[in-house]
Amino acid sequence: MVSRWKVLFAAIVIFAAGAATGGMIVRTYAPKIVHRTHVTPPVQMSTEHRMEYVKKLDRELQLTPEQHQKVEAIIAASQERMKKVWDGVEPQVKEEYRCSRRDIFEILMPEQKEKMKQRWRRMRNSGTNVPATMVSTNLPTVQ
């Protein structure tokens with residue numbers, strides 16, 4: 001018969017293994033998810049990436065040579081249109097982020113403001129697009 005201690009020990013080992021696995025997954029994938037929440041301009045698809053995408057469509061949909069050519073042209077034209085759209089709204093998006101950061105900053109207590117500044121410094125040092133003015137002044141701004 002299995003003693004209670006063995007069952008308890010097994011449960012603890014299973015729990016610890018699950019916690020360690022969860023921690024590793026969060027550490028690996030959370031930074032990628034966090035970076036996705038920041039609004040960035042659409043990335044121009046390289047010719048190589050565009051060709052890869054069209055090849056994938058070819059495999060999945062068996063495109064004709066004419067369709068293949070048209071798909072490439074559609075993607076290139078779409079990227080140009082997206083760039084124009086982004087160029088038009090980018091200043092408004094940055095202004096909205098600046099306003100929301102300023103409003104949040106204004107409701108914080110002094111020690112919270114300092115922690116927020118430290119957070120912005122860490123984000124800036126990690127390569128996240130955080131302007132230097134956000135970490136050096138009382139009111140956050142956007143480039």
* Structure fact -> Within the range 52-69, the residues that are surrounded by 13 or more Cβ atoms within 10 Å (Cβ to Cβ) and in a helix (DSSP H, G or I) are TYR53, VAL54, LEU57, ASP58, GLN67, HIS68
* Asked: If you check LYS84 against the conditions, is it surrounded by 15 or more Cβ atoms within 10 Å (Cβ to Cβ), among the basic types (Lys, Arg) and at pLDDT 85 or above?
  -> no
* Structure fact -> The lone condition PRO31 fails out of (1) at pLDDT 85 or above; (2) not assigned by TED's automatic domain parsing to the domain that holds GLU90 is (1)
* Flag for GLN92 being exposed (fewer than 12 other Cβ atoms within 10 Å of the Cβ), part of a helix (DSSP H, G or I) and modelled with pLDDT of 85 or more -> yes
* Residues (in a helix (DSSP H, G or I) and either within 22 Å of the chain's Cα centre (by Cα) or surrounded by fewer than 12 Cβ atoms within 10 Å (Cβ to Cβ) (or both)) located in the range 100-114 -> SER100, ARG101, ARG102, ASP103, ILE104, GLU106, ILE107, PRO110, GLU111, GLU114
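The values are calculated or read from the model by the stated rules, or taken from the named source; none is laboratory data. Fair warning: this is a prediction, and the values are worked out from it, not measured in the lab. Positions of Cβ are backbone-derived with ideal geometry, glycine not excepted, and every protein chain shown enters the neighbour counts.
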